[in-house]
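Asks: Handing you this structure, nothing more for now.
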Amino acid sequence: MIIESQKDVTAAVLAELARAPDGRFKEIMAAFIRHLHDFIREVKLTEEEFQAAIGYIVGLGQHTNATHNEAVLMSGSLGVSTLICLLNNGDRGATETSANLLGPFWRMHSPPTQNGGSIVRSPTPGPALFVNAAFRDRAGKPVAGAVVDVWHSSPEGFYENQDPVQADMNLRGQFTTDAEGHIAFRSIKPAGYPIPIDGPVGALLRAQGRHNMRPAHLHFLAVKDGFKTLISQVYVDDDKFLETDVQFGVTRHLVGDYVRHENEPAPAADVSGPWYSLDFSFVMEAGTSRLPRPPISGKARGERPKIPHLA
Ligand SMILES: [Fe+2]
């Protein structure tokens, strides 16, 4: 249609969309156009602001490569990733869920490790952490034989793939749940870490006066036929960034009770000083087990990244 005034633009775009043969595509795009046009009308977007917005979108692509995805980082920083997660899990958003964000650091082929074994594969200073995790279905029945990947950052805030000081696959392991649906392992208490701020996400955070820290957490990915693949994180309850996670990943259900033990014998004889324990129960929902695409495939070479901290 020939446009007479700004009032006609939305109708013109929606009319062309009517040709699309895919119903779901049409539904999503129609809502997107309506909301996008309404948003522009509501804020009365100026030409300069529009140019700046285009620059942000171009920057997302320009700052994305084989080992970094700026678009995922932006989705997290706007709360979109967590919204998608909570709308698609926990009985489609009706109930509490163990599901959480995958994050950018999952690698395939973590070393298979016996229950009770350690995932500390090179000297990693920090307080020892002993984890017991249970996997159950919605009815509370143990999920036996689930394959569970575990991975986390070091007490210095680096994943092994970022850090030449750590052995390949340090603080990563793959476990299989026993007949009671349990896994257990020894590690080191993780630390939080900053997300990169050299691209559009950094500009967004600076404009909002936000810091760029994620609170400390353990990552879990559990797979078993008949269940939806469970991707989860369990957050450290004494972390000062719990309330202001730059990726909005922290849900009430996934704040773990990391218990500090002082002057108590540890489960291993070589532990000296304070140590921590974590017991946590995950719920797996019925569904299709499908592995996500691994965001990274190997260890970075060269120096540790120098990621500044925003105050
Ligand atoms: Fe992480």
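Asks: Once you've got the Cα coordinates, tell me which of K224/K299; K189/K224; K141/K189; K224/K306; K141/K240 are over 31 Å apart.
Replies: K224/K306; K141/K240
Asks: Could you do me a favour and compute the accessible area per residue for the chain, 1.4 Å probe, result in Å²?
Replies: On a per-residue basis, the chain sits at 54 Å².
Asks: Let me spell out the model: positive unit charges on the Cβ of Lys and Arg, negative unit charges on the Cβ of Asp and Glu, origin at the Cα centre of the chain. What dipole size does that give, in debye rounded to 20?
Replies: 480
Asks: By the gyration tensor of its Cα atoms, with a ≥ b ≥ c the square roots of the eigenvalues, what is the shape of the stretch 117-200: rounded for a/c under 1.5, prolate for a/b over b/c, or oblate?
Replies: prolate
Asks: With everything on Cα atoms, drop me the angle between helix 47-62 and the longest principal axis of the chain, reported from 0 to 90° to the nearest 10.
Replies: Tilt of helix 47-62: around 40 degrees.
Asks: Would you please put 295-302, 220-227 in order of how densely packed they are, using the mean number of other Cβ atoms within 10 angstrom per residue and starting with the highest?
Replies: 220-227, 295-302
Asks: Taking the Cα centre of the stretch 27-84 as the origin, how large is its charge dipole in debye, to the nearest 20, when only Lys and Arg (+1) and Asp and Glu (-1) carry charge on their Cβ atoms?
Replies: About 100 debye.
Asks: Provide the packing ranking of 123-131, 137-145, i.e. peptides ordered by the mean count of other C-beta atoms within 10 Å per residue, highest first.
Replies: So the order, starting with the most tightly packed, is 123-131, 137-145.
Asks: Suppose a student asked you for the relative contact order of the chain, using Cα pairs under 8 Å spaced at least 6 residues apart; what percent would you report?
Replies: Here the relative contact order equals 21 percent.
Asks: How large is the translational diffusion coefficient of the stretch 171-311 in µm² per second when you combine the Kirkwood radius over alpha carbon pairs with Stokes-Einstein at 4 °C and 1.567 mPa s?
Replies: 72
Asks: When the helices in the chain are scored as -39500 (n - 2.57) per DSSP H run of 4 or longer and the sum is shared across all residues, what 222 nm value do you end up with, to the nearest 500 deg cm²/dmol?
Replies: Calculated at 222 nm, the ellipticity per residue is -7500 deg cm²/dmol.
Asks: Let me ask something else. Could you size up the charge dipole of the stretch 1-155 around its Cα centre, putting +1 on the beta carbon of Lys and Arg and -1 on that of Asp and Glu, and report it in debye to the nearest 20?
Replies: Computed about the Cα centre, the dipole is about 720 debye.
Asks: Can you compute 3J(HN,Hα) from phi for each residue in the stretch 240-253, using the Karplus curve 6.51 cos²θ - 1.76 cosθ + 1.60 with θ = phi - 60°, rounded to whole Hz and x for Gly and Pro?
Replies: Listing the rounded values in order: 6, 9, 4, 7, 10, 3, 4, 9, 6, x, 6, 10, 3, 5 Hz.
Asks: Using +1 at the C-beta of Lys and Arg and -1 at the C-beta of Asp and Glu, which of L204, H182, P142 has the Cα lying farthest in the positive direction of the dipole of the stretch 129-215?
Replies: Among L204, H182, P142, the one farthest towards the positive end of the dipole of the stretch 129-215 is L204.
Asks: While we're on this one: Using Cα pairs under 8 angstrom and six or more residues apart, how large is the relative contact order of the stretch 60-139, in percent?
Replies: Relative contact order comes out at 14 percent.
Asks: Loop only by DSSP, 15 or fewer other Cβ within 10 Å of the Cβ. Give me the GluC sites (Glu not before Pro) in the stretch 22-120 that pass, ordered by residue number.
Replies: E96
Asks: Under 5 Å between amide hydrogens, which residues at least 5 positions from I188 or on another chain qualify, with H placed 1.01 Å from N in the peptide plane?
Replies: Answer set, sorted by chain and number: L129.
Asks: Among I2, V120, L87, whose Cα sits farthest toward the positive end of the charge dipole of the stretch 1-126 (+1 at Cβ of Lys/Arg, -1 at Cβ of Asp/Glu, about the Cα centre)?
Replies: Of the listed residues, the answer is V120.
Asks: List the relative contact order of the stretch 170-299 as a percent without decimals, with contacts defined as Cα pairs under 8 Å and 6+ residues apart.
Replies: Worked out over the stretch 170-299, it gives 21 percent.
Asks: Which of L45, P21, F32 sits farthest toward the positive end of the charge dipole of the stretch 6-55, with +1 on the Cβ of Lys and Arg and -1 on the Cβ of Asp and Glu?
Replies: Comparing the listed Cα positions along the dipole, P21 ranks first.
Asks: With all protein chains present, how much of the accessible area of the chain (probe radius 1.4 Å) comes from carbon and sulfur, to the nearest whole percent?
Replies: Roughly 57 percent, rounded to a whole number.
Asks: Quick one: Karplus J couplings for the stretch 73-89, per residue in order, coefficients 6.51, -1.76, 1.60, θ = phi - 60°, nearest Hz, x for Gly and Pro?
Replies: Each residue's phi maps through the Karplus curve to give 4, 5, 4, x, 5, 9, x, 5, 4, 5, 4, 4, 4, 6, 7, 10, 10 Hz.
Asks: Turning to a different aspect of this structure: In Å, the Kirkwood hydrodynamic radius of the chain over pairs of distinct alpha carbons?
Replies: The answer is 21.7 Å.
Asks: Here's another thing I want to ask about it. How large is ³J(HN,Hα), in whole Hz, for each residue of the stretch 164-177 in order, when computed from phi with the Karplus curve 6.51 cos²θ - 1.76 cosθ + 1.60 and θ = phi - 60°, using x for Gly and Pro?
Replies: Each residue of the stretch 164-177 in turn: x, 6, 8, 5, 3, 6, 4, 6, 9, x, 10, 10, 10, 5 Hz.
Asks: How many angstrom lie between the C-alpha centres of the stretch 140-212 and the stretch 46-106?
Replies: Comparing the Cα centres of the stretch 140-212 and the stretch 46-106, I get a distance of 18 Å.
The values are calculated or read from the model by the stated rules, or taken from the named source; none is laboratory data. For clarity, every value in this text was computed on a predicted model and none was experimentally measured. When we count neighbours, we look across all protein chains shown, and the Cβ atoms used for this are built from the backbone with ideal geometry, even at glycine. What goes into the accessible areas is simple: the full protein's heavy atoms, side chains included, and nothing from ligands, DNA or RNA. Shrake-Rupley method; radii C 1.70, N 1.55, O 1.52, S 1.80 Å.
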